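The values are calculated or read from the model by the stated rules, or taken from the named source; none is laboratory data. Just so it is clear, the structure is predicted and the values come from calculations on it, not from any experiment. Every residue, glycine among them, receives a Cβ derived from its backbone with ideal geometry; neighbour counts consider all protein chains shown. These area figures cover heavy atoms from the full protein model, side chains too; ligands, DNA and RNA do not enter into them. Shrake-Rupley method; radii C 1.70, N 1.55, O 1.52, S 1.80 Å.
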Amino acid sequence: APIGYPEGLLVHLAENIKRNLNIPVITVGKIRNPELAQQILQERRADMIAIGRTLIADPYWPKKAESDQVKYINPCISCNECLNNILFRGKHVACSTNPKAGYELKSKTVDLSEKKVVVIGGGVAGLTSAIRASQSGAEVVLIEKNFQLGGLLLVADIAPHKEDLAPLNKYLKAMVNKL
(Lines give C-alpha, C1' and ligand atoms only; values in the text may rest on other atoms or scores of the structure.)
Protein backbone atom coordinates (compact mmCIF):
# COMPACT_ATOMS: atom_id res chain seq x y z
CA ALA A 1 0.00 0.00 0.00
CA PRO A 2 1.30 3.47 -0.80
CA ILE A 3 1.56 6.45 1.50
CA GLY A 4 -1.77 7.51 2.98
CA TYR A 5 -3.13 4.05 3.73
CA PRO A 6 -3.34 2.98 7.38
CA GLU A 7 -0.86 0.64 9.02
CA GLY A 8 -1.99 -2.95 9.19
CA LEU A 9 -4.66 -2.40 6.55
CA LEU A 10 -4.90 -6.09 5.66
CA VAL A 11 -4.78 -7.62 9.14
CA HIS A 12 -8.55 -8.00 9.30
CA LEU A 13 -8.41 -10.32 6.28
CA ALA A 14 -5.81 -12.56 7.92
CA GLU A 15 -7.86 -12.53 11.10
CA ASN A 16 -10.96 -13.74 9.24
CA ILE A 17 -8.99 -16.52 7.55
CA LYS A 18 -7.44 -17.56 10.87
CA ARG A 19 -10.89 -17.84 12.48
CA ASN A 20 -12.05 -20.25 9.78
CA LEU A 21 -8.98 -22.40 9.17
CA ASN A 22 -6.69 -24.45 11.32
CA ILE A 23 -3.41 -23.58 9.61
CA PRO A 24 -0.78 -20.91 10.31
CA VAL A 25 -1.77 -17.54 8.85
CA ILE A 26 0.66 -14.78 7.87
CA THR A 27 -0.45 -11.16 7.61
CA VAL A 28 1.05 -8.26 5.63
CA GLY A 29 0.23 -4.67 4.78
CA LYS A 30 2.20 -1.77 6.16
CA ILE A 31 3.19 -3.38 9.42
CA ARG A 32 6.17 -1.17 10.12
CA ASN A 33 5.85 -0.61 13.83
CA PRO A 34 7.13 -3.38 16.16
CA GLU A 35 4.44 -2.56 18.70
CA LEU A 36 1.71 -3.14 16.10
CA ALA A 37 3.33 -6.41 15.02
CA GLN A 38 3.50 -7.59 18.64
CA GLN A 39 -0.11 -6.56 19.26
CA ILE A 40 -1.33 -8.52 16.21
CA LEU A 41 0.48 -11.63 17.44
CA GLN A 42 -0.65 -11.24 21.05
CA GLU A 43 -4.27 -10.78 19.98
CA ARG A 44 -3.88 -13.89 17.82
CA ARG A 45 -5.09 -12.05 14.75
CA ALA A 46 -2.31 -13.80 12.79
CA ASP A 47 0.42 -16.32 13.53
CA MET A 48 3.22 -14.54 11.69
CA ILE A 49 4.03 -11.10 10.33
CA ALA A 50 5.59 -10.61 6.89
CA ILE A 51 7.47 -7.39 6.30
CA GLY A 52 9.12 -6.39 3.05
CA ARG A 53 9.67 -2.71 2.37
CA THR A 54 10.33 -2.19 6.06
CA LEU A 55 13.43 -4.39 5.77
CA ILE A 56 14.66 -2.44 2.76
CA ALA A 57 14.45 0.76 4.80
CA ASP A 58 16.15 -0.88 7.78
CA PRO A 59 17.51 -4.43 7.47
CA TYR A 60 18.18 -4.39 11.22
CA TRP A 61 14.50 -3.79 12.09
CA PRO A 62 14.06 -7.17 13.84
CA LYS A 63 17.22 -6.76 15.94
CA LYS A 64 16.34 -3.18 16.89
CA ALA A 65 12.79 -4.21 17.78
CA GLU A 66 14.06 -7.10 19.89
CA SER A 67 16.63 -4.98 21.73
CA ASP A 68 14.24 -2.11 22.52
CA GLN A 69 15.91 0.25 20.04
CA VAL A 70 12.66 1.12 18.22
CA LYS A 71 13.42 4.84 18.02
CA TYR A 72 16.54 3.98 16.00
CA ILE A 73 14.63 2.07 13.30
CA ASN A 74 14.97 3.79 9.95
CA PRO A 75 11.32 3.98 8.87
CA CYS A 76 9.67 2.98 5.63
CA ILE A 77 7.57 5.95 4.53
CA SER A 78 5.57 3.90 2.00
CA CYS A 79 6.78 6.00 -0.92
CA ASN A 80 7.19 2.84 -3.04
CA GLU A 81 10.53 4.00 -4.46
CA CYS A 82 11.76 0.43 -3.95
CA LEU A 83 8.98 -1.05 -6.08
CA ASN A 84 9.08 1.71 -8.69
CA ASN A 85 12.78 1.17 -9.26
CA ILE A 86 12.39 -2.57 -9.74
CA LEU A 87 9.07 -2.80 -11.55
CA PHE A 88 8.95 0.34 -13.68
CA ARG A 89 12.55 1.44 -14.15
CA GLY A 90 14.17 -1.99 -14.45
CA LYS A 91 16.82 -1.05 -11.89
CA HIS A 92 17.99 -2.45 -8.58
CA VAL A 93 16.10 -1.80 -5.38
CA ALA A 94 16.38 1.70 -3.94
CA CYS A 95 14.96 3.38 -0.86
CA SER A 96 14.15 7.02 -0.13
CA THR A 97 15.11 6.67 3.53
CA ASN A 98 18.03 4.22 3.16
CA PRO A 99 20.58 5.46 0.62
CA LYS A 100 22.60 2.24 1.03
CA ALA A 101 19.75 0.02 -0.19
CA GLY A 102 20.76 -1.62 -3.45
CA TYR A 103 24.36 -0.52 -3.03
CA GLU A 104 25.39 -2.76 -0.12
CA LEU A 105 28.11 -4.53 -2.10
CA LYS A 106 29.31 -1.41 -3.91
CA SER A 107 29.44 1.13 -1.10
CA LYS A 108 32.82 1.83 0.38
CA THR A 109 33.33 2.75 3.99
CA VAL A 110 35.25 5.97 4.34
CA ASP A 111 37.21 6.41 7.54
CA LEU A 112 36.67 9.95 8.75
CA SER A 113 38.36 9.42 12.11
CA GLU A 114 40.17 12.51 13.33
CA LYS A 115 38.28 14.63 10.77
CA LYS A 116 35.89 17.43 11.52
CA VAL A 117 32.84 17.75 9.27
CA VAL A 118 30.56 20.76 9.18
CA VAL A 119 27.04 20.17 7.88
CA ILE A 120 25.00 23.22 6.96
CA GLY A 121 21.25 22.65 7.20
CA GLY A 122 19.18 20.38 9.40
CA GLY A 123 16.78 19.07 6.78
CA VAL A 124 16.66 15.48 5.54
CA ALA A 125 19.89 15.74 3.52
CA GLY A 126 21.77 17.56 6.27
CA LEU A 127 20.66 15.21 9.04
CA THR A 128 21.42 12.15 6.91
CA SER A 129 24.86 13.54 6.04
CA ALA A 130 25.59 14.30 9.68
CA ILE A 131 24.56 10.77 10.70
CA ARG A 132 26.68 9.11 8.00
CA ALA A 133 29.71 11.28 8.78
CA SER A 134 29.44 10.55 12.49
CA GLN A 135 29.07 6.81 11.83
CA SER A 136 32.27 7.04 9.77
CA GLY A 137 34.16 8.45 12.74
CA ALA A 138 34.03 12.19 12.11
CA GLU A 139 33.43 14.86 14.68
CA VAL A 140 30.33 16.56 13.27
CA VAL A 141 29.14 20.12 13.67
CA LEU A 142 25.57 20.59 12.46
CA ILE A 143 24.45 24.14 11.76
CA GLU A 144 20.78 24.97 11.30
CA LYS A 145 19.39 28.52 11.07
CA ASN A 146 15.94 27.58 12.42
CA PHE A 147 15.13 26.60 15.97
CA GLN A 148 14.03 23.09 14.91
CA LEU A 149 15.63 20.30 12.91
CA GLY A 150 13.72 18.62 10.12
CA GLY A 151 13.54 21.11 7.28
CA LEU A 152 10.56 20.49 5.02
CA LEU A 153 9.60 17.38 6.98
CA LEU A 154 8.28 19.73 9.65
CA VAL A 155 5.41 20.66 7.32
CA ALA A 156 5.33 17.77 4.84
CA ASP A 157 3.54 15.41 7.20
CA ILE A 158 0.79 17.94 7.90
CA ALA A 159 -0.80 17.46 4.47
CA PRO A 160 -3.65 14.96 4.33
CA HIS A 161 -2.48 11.35 3.88
CA LYS A 162 1.18 12.26 4.45
CA GLU A 163 1.36 11.13 8.07
CA ASP A 164 3.77 8.37 7.03
CA LEU A 165 6.50 11.02 6.79
CA ALA A 166 6.44 11.89 10.50
CA PRO A 167 8.44 8.84 11.68
CA LEU A 168 11.33 9.82 9.38
CA ASN A 169 11.79 13.14 11.16
CA LYS A 170 11.63 11.42 14.57
CA TYR A 171 14.19 8.83 13.47
CA LEU A 172 16.63 11.40 12.05
CA LYS A 173 16.43 13.51 15.21
CA ALA A 174 16.87 10.44 17.43
CA MET A 175 19.95 9.37 15.49
CA VAL A 176 21.49 12.85 15.58
CA ASN A 177 20.90 13.05 19.33
CA LYS A 178 22.34 9.57 19.82
CA LEU A 179 25.48 10.27 17.80
Point to revise | Pairs where the first residue, in segment 155-178, is under 18 Å from Thr128 (Cα atoms) and among the basic types (Lys, Arg) and the second is part of a helix (DSSP H, G or I) and at pLDDT 90 or above, C-beta under 8 Å, 6+ apart | key: Lys170/Lys71; Lys173/Leu127; Lys178/Tyr72
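Yes or no, residue by residue, for (1) assigned to a helix (DSSP H, G or I); (2) in contact with a Lys or Arg (Cβ under 7 Å, 6 or more places away or on another chain); (3) within 22 Å of Lys71 (Cα to Cα); (4) not hydrophobic (A, V, I, L, M, F, W, C):
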residue	(1), (2), (3), (4)
Leu87	yes, no, no, no
Gly102	no, no, no, yes
Ser107	no, yes, no, yes
Leu112	no, no, no, no
Val117	no, no, no, no
Thr128	yes, no, yes, yes
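Matching residues to (1) surrounded by fewer than 12 Cβ atoms within 10 Å (Cβ to Cβ); (2) of a type outside the set (Ser, Thr, Tyr):
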| residue | (1), (2) |
| --- | --- |
| Gln69 | no, yes |
| Ile73 | no, yes |
| Cys76 | no, yes |
| Cys79 | no, yes |
| Leu87 | yes, yes |
| Lys91 | yes, yes |
| Tyr103 | no, no |
| Asp111 | yes, yes |
| Lys116 | yes, yes |
Point to revise | Meets criteria (open to solvent by 50 Å² or more (accessible area, probe 1.4 Å), over 22 Å from Ala37 (Cβ atoms) and touching a residue at least 24 places away in the same chain (Cβ under 8 Å)) for Ser134 | key: no
Review point. Restricting attention to segment 13-37, which residues are in contact (Cβ under 8 Å) with a residue 24 or more places away in the chain and either buried (at least 20 other Cβ atoms within 10 Å of the Cβ) or not in a loop (DSSP other than H, G, I, E, B) (or both)?
Key: Ala14, Glu15, Lys18, Ile26, Lys30, Ile31, Arg32, Pro34, Glu35, Leu36, Ala37
Revision key, fill the gap. Note on segment 38-60: residues assigned to a helix (DSSP H, G or I) and closer than 16 Å to Asp164 by Cβ are Arg53, Thr54, Ile56, Ala57
Revision key, fill the gap. In segment 118-131, anything under 18 Å from Asn98 (Cβ atoms) and either touching a helix residue (DSSP H, G or I) at 6+ places or on another chain (Cβ under 9 Å) or crowded, with 19+ Cβ neighbours inside 10 Å (or both) is listed as Gly123, Val124, Gly126, Leu127, Thr128, Ala130, Ile131
